[in-house]
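Everything on this sheet refers to the single structure shown next.
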Amino acid sequence: MKSIIFGNGCFWCTEAVFQQLKGIEKVTSGYSGGHIANPTYEQVCGKNTGHAEVLKIDYDPAMISFDELLEVFWATHDPTTLNRQGNDVGPQYRSVIFYNNNEQKEKAEKYKNELDKSGAFDKPVVTAVEPFTNFYPAENYHQDYYKNHTSQPYCYFVIKPKMDKLKKVFADKLKA
């Protein structure tokens, strides 16, 4: 098993996406990149801890490659908005990859540069690629949020469209 930390907006939205992929053993919502140990959701939302809402993704590289995870990461959020995803605004919603080794760093930076050169987006990609320093699991009520709250309006209007896109674009990568 290997792991990677992705920050691509609200962890409620992004957790649901990565949980659907073959080869993903576990997805844990949490906080990374900040300067306070064991932050609470309220502290992170206060925008002063330096943390991003992130996912710790534990995956089997024999079933899903890091390149495939990057492909899903870039396709399921807007990497051109600084400290924002949709209506979620603040540094905790920044687009960031916290790499664990040089291979992850090199691949993330290469993919980011190729996206910029390709013109895939109208604006430059602002995703940060930073070394992993810390990860703190979010409170229990944040874990498996979409699975446990699919009928809530936020889930229906914000997360469900991401899930629909995932099913169309990455159908071959989804669990049965």
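Just so it is clear, none of the values below were taken in a lab; they were calculated from the coordinates. For clarity, every value in this text was computed on a predicted model and none was experimentally measured. Using ideal geometry, Cβ is built from the backbone for each residue, glycine included, and neighbour counts are taken over all protein chains shown.
So, in segment 148-163, how many residues would count as being under 17 Å from the mean Cα position of the chain (by Cα) and of a type outside the set (A, V, I, L, M)?
Summing the residues that are under 17 Å from the mean Cα position of the chain (by Cα) and of a type outside the set (A, V, I, L, M) in segment 148-163 gives 4.
Say whether the condition of being hydroxyl-bearing (Ser, Thr, Tyr), farther than 14 Å from residue 97 by Cα and out of contact with any His (no Cβ under 6 Å at 6 or more places or on another chain) is met by at least one residue in segment 1-16. Working first, answer last.
So the first thing to find is which residues in segment 1-16 are hydroxyl-bearing (Ser, Thr, Tyr), and the list is 3, 14.
Those left that are additionally farther than 14 Å from residue 97 by Cα: none.
So far as segment 1-16 goes, no, none of its residues is hydroxyl-bearing (Ser, Thr, Tyr), farther than 14 Å from residue 97 by Cα and out of contact with any His (no Cβ under 6 Å at 6 or more places or on another chain).
One line per residue, one yes/no per condition, for (1) farther than 21 Å from residue 29 by Cα; (2) in contact with a helix residue (DSSP H, G or I) (Cβ under 7 Å, 6 or more places away or on another chain); (3) not small (Gly, Ala, Ser):
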{"position": "94", "(1), (2), (3)": "no, no, yes"}
{"position": "106", "(1), (2), (3)": "yes, no, yes"}
{"position": "109", "(1), (2), (3)": "yes, no, yes"}
{"position": "119", "(1), (2), (3)": "yes, no, no"}
{"position": "123", "(1), (2), (3)": "yes, no, yes"}
{"position": "140", "(1), (2), (3)": "no, no, yes"}
{"position": "145", "(1), (2), (3)": "no, yes, yes"}
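Within segment 68-92, work out how many residues are in contact with a Lys or Arg (Cβ under 6 Å, 6 or more places away or on another chain), farther than 17 Å from residue 30 by Cβ and of a type in the set (Gly, Ala, Ser).
The qualifying residues number 0.
Inspect segment 70-77 for any residue being within 11 Å of the chain's Cα centre (by Cα) and over 19 Å from residue 172 (Cβ atoms) and give the result as yes or no.
Within segment 70-77, one or more residues are within 11 Å of the chain's Cα centre (by Cα) and over 19 Å from residue 172 (Cβ atoms).
Within segment 82-112, how many residues turn out to be within 14 Å of residue 67 (Cβ to Cβ) and β-branched (Val, Ile, Thr)?
The total comes to 1.
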